[in-house]
Amino acid sequence: MNKNIRRILPAAVMAVALTTPMVLAAGPAHAALANRSCGTIAASDSTTAADLNKVLTGKLRGAMTAYRLSCARAIADATRARGLPDRAAVIAITTAITESVLENNPNMVDHTSVGLFQQQDWWGSFEERLDPAYSTNAFLDAMLKLYPNNSWQTQQIGVVCQKVQVSAYPDRYEPEAADAQRILDALTRVVSASKAHVEVVGSDGAMWTTDGDYSAGQWSGSWASLGGTGLKDLTSTLTGNTMHVYAIGSTGRVYTRDADYTTGQWSGSWAEIPGSITGATAITASATGTTVHLSAIGSNGAMWTTDGNYEAGEWTGSWASLGGTGLKALTSTVTGNTMHLYALGSTGRVYTKDADYTTGQWTTDWAEIPGNTTGATAITASATGTKVHLEIVGADGAMWTTDGDYTAGQWTGTWASLGGTGLKKLTSTVTGNTMHVYALGSTGRVYTKDADYTTGQWTTDWAEIPGNTTGATAITATVTK
């Protein structure tokens, strides 16, 4: 520890800082005290921790536990209680991974340091530093003081962590930031995500929206217009608690609008995605962390892709071709750090292509999904853990489904009918371990059907989404907390 390093603390006290992060494989010498609780461990935490162990890449690779997840939740809850953006929680969790591997350790590892952030005695009393809410708020107080006017929001995450902690190992924070985002995303999906946002293109060519709260068991009951003219297709995805909707305009250009569900505000107008693509006929979006991966079928029937980094506030500015011929519809979903893209070919068969965003590599060829379906006209995909659930509208106008397990590396190999007649478009989303599928019927009304993957049961009937919309031609859905 460098005893000459000094910093500004929450109480404006100048003092020596902790500099030595914990090592995952070993605890403090002759540790006598057990880790302190971070709060309630939820029933689903073991399953969520197991899912995270398949995708974490840093110090916690293969080492996430229900207890560590409860500590991450305590940090996230304390941050959100202050009304701070989720990026603040990512910064705090990144720091706690580096300093304590998300353990509320009461044993003094480096001089007097204890707790999630390994704070020394000038941060507070022994018991205060072992209180997850207190220690998180102490960290956030220091961050906000060191970065006035919210300037922390535009700084690299590892840089912010280091400025607060003043570590002798400044390079150890940034490598944990991606895992912190994955952990927060998992907490958001499993614990808090219960509000569905469904958007359609109405008969007037504009986008309309309605909301449903699955925890309350109710829908808003009305559709609100969000403008646009001549829209042809929609997709949406989430970064943090912000939903990004993308639409294909009348000339096949791609536009976007955002809804921040922390503030409840939509962006003021549609903005075109850089790259000047024209003639697009279908579109899909997925996110890994704060980066959105947008794919479209171009006028040549091939798939094209571009990326947007919402942390950096920029797009690549160009569209890259990923091949394919005669493609008709697209959907995508994510397991871990891999995006799975699914497309309907010219004969209505279903094909897939993957992008591994850990390595930055796409699979070379399109592979057909087993089951020999033909004549499909619409498609959607969602994931629960490492299992992907794929639905299509078949040649008979009904919905059909198949599942793929990316841990086992296999598909069921058959398609099962889930009924419906005259269906035109599909979209799907997930709350907890339940998938919600939404379909446009023959008159453009919106219907839904659920699959509970804890019990393995689908709801028997299709239910209409309240609001009496008719004439809808495209649909997308996302869930937030």
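The values are calculated or read from the model by the stated rules, or taken from the named source; none is laboratory data. None of the values given here were measured: they were computed from a predicted structure. Every residue, glycine as well, gets a Cβ built from its backbone with ideal geometry; the counts of neighbours run over all protein chains shown. Heads up: the accessible areas ignore ligands, DNA and RNA and are worked out on the full protein's heavy atoms, side chains in. Shrake-Rupley method; radii C 1.70, N 1.55, O 1.52, S 1.80 Å.
Details
- Efficiency of FRET from Cβ geometry, T57 and D171, R₀ 25 Å, rounded to 0.05: 0.95
- Answer label for mean projected area of the Cα convex hull in nm² (calculated), chosen among (1) 47.8; (2) 22.3; (3) 31.4: (2)
- Figure legend: label point modelled 7 angstrom from the Cα of T251 along Cα→Cβ; residues of the stretch 201-242 with amide N under 18 Å from it are 228-233.
- The value obtained for the stretch 264-309, namely the Cα convex hull volume divided by the number of residues, is 101 Å³ per residue.
- With the charge dipole of the stretch 137-260 set up from +1 on Lys and Arg Cβ and -1 on Asp and Glu Cβ about the Cα centre, the Cα lying farthest toward the positive end among the listed residues V254, A180, G158 is that of G158.
- Hull shadow area, averaged, the stretch 326-457 [alpha-carbon convex hull, nm²]: 8.0 nm²
- Free-standing Cys residues across the chain, given no other cysteine C-beta under 4.7 angstrom: C161
- Probing with 1.4 Å while keeping every protein chain in the model, the per residue accessible area of the stretch 339-481 equals 40 Å².
- Estimated FRET transfer efficiency (D365, W122; beta-carbon r; R0 45 Å; 0.05): 0.15
- Annotation: peptides 168-181, 455-468, ranked by per-residue average of other Cβ atoms within 10 Å with the highest first, follow the order 168-181, 455-468.
- Taken about its Cα centre, the chain carries a charge dipole of about 440 debye when Lys and Arg each add +1 at the Cβ and Asp and Glu each add -1 at the Cβ.
- Inter-probe distance in nm under a simple model that places probes 7 Å from Cα toward Cβ, at S151 and S46: 4.8 nm
- Remark: accessible surface ordering of S220, S299, S428 (largest first) is S299, S220, S428, probe radius 1.4 Å.
- Rounded to the nearest 20 debye, the dipole magnitude of the stretch 171-291 is 240 debye, with +1 charges on Lys and Arg beta carbons, -1 on Asp and Glu beta carbons, and the Cα centre as origin.
- Computed from Cα atoms, the angle from the helix 66-81 axis to the main principal axis of the chain rounds to 90 degrees.
- Size of the stretch 79-164 from its Cα atoms: along the principal axes, largest to smallest, the extents are 35, 22, 19 Å.
- Taking a ≥ b ≥ c as the square roots of the eigenvalues of the alpha-carbon gyration tensor, the stretch 179-303 is classed oblate because a/c is 1.5 or more while a/b is no larger than b/c.
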